Structures are given as structure tokens and as C-alpha cells.
Amino acid sequence: MTRRVYQAIFLISIVAFTLLFAKEIKGGVVNLFPHVDKVAHFGIFFILAIIMDKAFKLPLYAQILLLAGYGASIEIMQNALPYRQASLGDFFADFAGAASYFLLRVIFTSRKKNPYG
């Protein structure tokens with residue numbers, strides 16, 4: 001896929017995930033297992049990191065900072081909604097999801113460059 005396609009996917013993903021984060025969650029899903037919300041935050045930011053990495057030619061630190069800023073913004077937004085609440089744990093899960101992708105990328109990219117690995 002081209003970079004433009006990834007950019008469109010990234011934009012659609014940001015809008016969809018923001019709406020999801022703003023949505024009122026009732027029963028069912030939140031009771032699947034303890035901390036299901038943290039797993040969801042981790043997974044969403046892992047996916048966003050993949051898409052962002054393919055969509056934009058930005059330094060690694062810039063991508064991490066942008067995704068961390070988005071995570072903080074989501075928590076601020078949730079704090080302003082009467083049916084949601086902000087959570088520092090959710091922010092850490094956001095950061096951990098994005099950072100995990102970038103860590104794996106660095107590990108596997110460096111292995112490809114090493115002719116003995």
C-alpha cells in the first residue's frame with residue numbers, strides 16, 4: 001500500500017477510535033475480565049503506532065510523542081464527559097501499546113541489518 005493510503009487509514013482510525021473513547025460503555029464488555037479497558041487501550045495504540053509508522057516519515061521520538069499527546073488528550077476528553085472518567089492507568093496503557101510496537105520494530109529492524117543474526 002502507498003503512504004497516502006496509510007495516511008487515509010490513519011485519519012479514519014483516529015476519528016473512529018476517538019468516537020469509541022467518547023462513547024458511553026455499559027455492562028457486557030467491561031465485565032469480560034479485570035482491566036479489559038487497559039488491554040483495549042494497549043491494543044488500540046499498538047495499532048495506531050503501526051499505521052502511523054507506515055503513514056508518515058517521522059522520527060521515532062516524534063511518533064511516540066504524538067501518540068502520547070493523543071493518549072493524554074483522550075484522557076482529558078474522557079474526564080470532561082459525565083459518563084466517562086480519566087485514568088492514569090489508561091494513559092500508561094496507551095503509551096505502553098505504542099512503545100511496544102516501536103520497540104519491536106527497532107529489535108526486528110536491527111536483526112535484519114545484522115548479517116550474523
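The values are calculated or read from the model by the stated rules, or taken from the named source; none is laboratory data. Owing to the predicted nature of the structure, the values given are computational and were not obtained by experimental measurement. All Cβ positions, even for glycine, are placed from backbone atoms using ideal geometry, and neighbour counts span all protein chains on display. Surface areas here come from the heavy atoms of the whole protein model, side chains and all, with no ligands, DNA or RNA. Shrake-Rupley method; radii C 1.70, N 1.55, O 1.52, S 1.80 Å.
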In the full protein assembly as shown, how much of Val5 is accessible to a 1.4 Å probe, in Å² to the nearest 10?
60 Å²
Return one number: the angle in degrees, 0 to 90 and rounded to the nearest 10, between the long axis of the Cα atoms of helix 60-80 and the longest principal axis of the Cα atoms of the chain.
0 degrees
Potential lengthening between Val39 and Ala99 on full extension [0.36 nm per residue; Cα-Cα distance subtracted]:
20.2 nm
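Is it possible to state the helix-based mean residue ellipticity at 222 nm for the chain, with each DSSP H run of 4+ residues giving -39500 (n - 2.57), the sum divided by total residues, to the nearest 500 deg cm²/dmol? What is it?
Working: 4 runs with 87 residues, N = 117.
Computed mean residue ellipticity for the chain: -26000 deg cm²/dmol.
Work out, in µm²/s and without decimals, the Stokes-Einstein translational diffusion coefficient of the chain at 37 °C, 0.692 mPa s, Rh from Kirkwood over C-alpha pairs. Don't skip to the answer; put the middle values down first.
Working: Rh = 15.3 Å.
For the chosen part, D equals 215 µm²/s.
Compute the FRET efficiency between Asn79 and Arg3 as 1/(1 + (r/R0)^6), taking r as their Cβ-Cβ distance and R0 = 30 Å, and round to the nearest 0.05.
On the way: r = 35 Å, r/R0 = 1.15.
Calculated transfer efficiency: 0.30.
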Pick from Asp53, Asp37, Asp94: which is most flexible by mean-square fluctuation in a GNM of the chain where alpha carbon atoms under 10 Å apart are linked?
Asp37
Counting only pairs 8 or more places apart or on different chains, how many lysine pairs in the chain have C-alpha atoms closer than 28 Å?
8
Mind checking region 38-117 for trypsin sites (Lys or Arg not before Pro) that DSSP puts in a loop (not H, G, I, E or B) and that have at most 15 other Cβ atoms within 10 Å?
Lys57
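Once the piece of chain linking Ile25 and Val106 is laid out straight, how much longer is it, given 0.36 nm per residue of separation minus the C-alpha distance between them? Numbers along the way, then the final one.
Details: separation 81, 0.36 × 81 = 29.16 nm, distance 3.55 nm.
Full extension from Ile25 to Val106 adds 25.6 nm.
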Rounded to the nearest 0.05, what FRET efficiency do Ile12 and Phe56 give with R0 = 22 Å and r taken as the Cβ-Cβ distance? Could you check?
0.90
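Enumerate by residue number the chymotrypsin sites (Phe, Trp or Tyr not before Pro) in region 35-72 meeting two conditions: DSSP loop (anything except H, G, I, E, B), and at most 15 other Cβ atoms within 10 Å of the site's Cβ.
Values: sites: Phe42, Phe45, Phe46, Phe56, Tyr61, Tyr70; in loops: Phe56.
In loop regions of region 35-72 (DSSP not H, G, I, E or B), the sparsely surrounded chymotrypsin sites (Phe, Trp or Tyr not before Pro) are Phe56.
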